[in-house]
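Read-outs throughout are calculated quantities, based only on the coordinates presented, and are distinct from any laboratory measurement. Predicted model, so just to flag it, every value in this text is computed and none were measured. No Cβ is skipped: glycine too gets one built from the backbone with ideal geometry, and neighbour counts run over all protein chains shown.
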Amino acid sequence: MKISKFKLALYGKYLFLIIISFLSIFPLFWMFVSATNASVDVLAGTLLPGVQLKENLTKLLANTNLLRALWNSFKYAAAATILSLFVSSLAGYGFEIYHDKGKDILMNILLLSMMVPFAVIMVPLYMMFGNANLLNSTAGFVLPTISTAFLIFLFRQSSRNFPREIIEAARLEGLTEFGIFFRMYIPVMKSTYAAAAVITFMNAWNNYLWPLIIMQKPEAQTMPLLISNLTSGYVIDYGVLMLAVAISVIPTILIFLALQKNFAEGIVGSAK
């Protein structure tokens, strides 16, 4: 029985997608498996779950302040996400709804700022926050990320799809500009907010360089710093290290899965 060229091409596409999916998910699978094995088994490349999960967790809790690091990471990431969404969406809304040539020039300058590496502004930022006594604080973590050119651009592009008729009708009804933003704009643009929330939360949760500089006290440590400290000894327990990494990625996975549908809609909407 002959197989048509169409079916052969279709089978080839499915095979390609299966291989790519396996390669994409394998590092995550290996990480969770390694979290249940001893260090020697991890180094040996064991791909089967082990029985060392409880022992690895006991060592992790004994040698680190895991709960404190988790709480710090969540507190900083949540604060950064909420403030960034508010400031960036308000800026993106203003850039598009009150559009003029001057705002286009300012937007281009903001986009050019994305090309400046963080390392260039790291030292001046540290000196500014040190003089302001904001080291080891939530404000010190959040303020540099409270508004980014990417998020402003994302909301600006999405605002182009916001119906102008709603704004005109709301103004005729006597609603203020802030009332339009909070009561009309935010509910309509919830998909864009979801996409921006996922991106901002993940970036804040996984941020390493800035917390390394500004969070100098052990009680202000975040999960990336805790994981980094586990690799700084003479002997690294890879089972404990993989368990810490697995615990660290769980919140970001849950956030993405919870907002996955709206995330895709928000990204597609901003690209139109």
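First select every other residue whose beta carbon is under 12 angstrom from the beta carbon of I167; then total the charges, Lys and Arg +1, Asp and Glu -1. Local charge sum for I167: -2.
Going by how many other beta carbons lie within 10 Å of each one, how would you line up Y98, Y126, fewest first?
On the way: Y98 9, Y126 15.
So the ranking, lowest neighbour count to highest, is Y98, Y126.
Rg of the Cα atoms in the chain, relative to 2.2 N^0.38 Å, amounts to 1.26. Each residue of the stretch 38-52 is assigned a 3J(HN,Hα), and the resulting list reads 6, 4, 5, 6, 4, 5, 7, x, 5, 10, 10, x, x, 10, 9 Hz, derived from the Karplus form 6.51 cos²θ - 1.76 cosθ + 1.60 (θ = phi - 60°), x at Gly and Pro.
With respect to the chain, whose longest principal axis is taken over its alpha-carbon atoms, helix 66-97 is tilted by about 20°.
The stretch 141-204 and the stretch 241-263 have Cα centres lying 25 Å from one another. L226: net charge of surrounding residues, Cβ under 15 Å, Lys/Arg +1, Asp/Glu -1, itself excluded? Net local charge, L226 excluded: +2. Structure remark: mean-square fluctuation, Gaussian network model of the chain, C-alpha springs under 10 Å; the largest value among P49, P224, P27 belongs to P27. Between the Cα long axis of helix 149-159 and the first principal axis of the chain there is an angle of about 50°, rounded to the nearest 10.
Any chance you could count the Lys pairs in the stretch 54-271 whose alpha carbons are under 30 Å apart, treating pairs 8 or more apart or on different chains as valid? Number of lysine pairs found: 10. Most tightly packed first, judged by the mean number of other beta-carbon atoms within 10 Å of their residues, the peptides 146-159, 108-121 read 146-159, 108-121. To test your reading of the geometry: what angle, between 0 and 90 degrees and rounded to tens, separates the Cα axis of helix 190-205 from the longest principal axis of the chain? That helix lies at roughly 40 degrees to the long axis.
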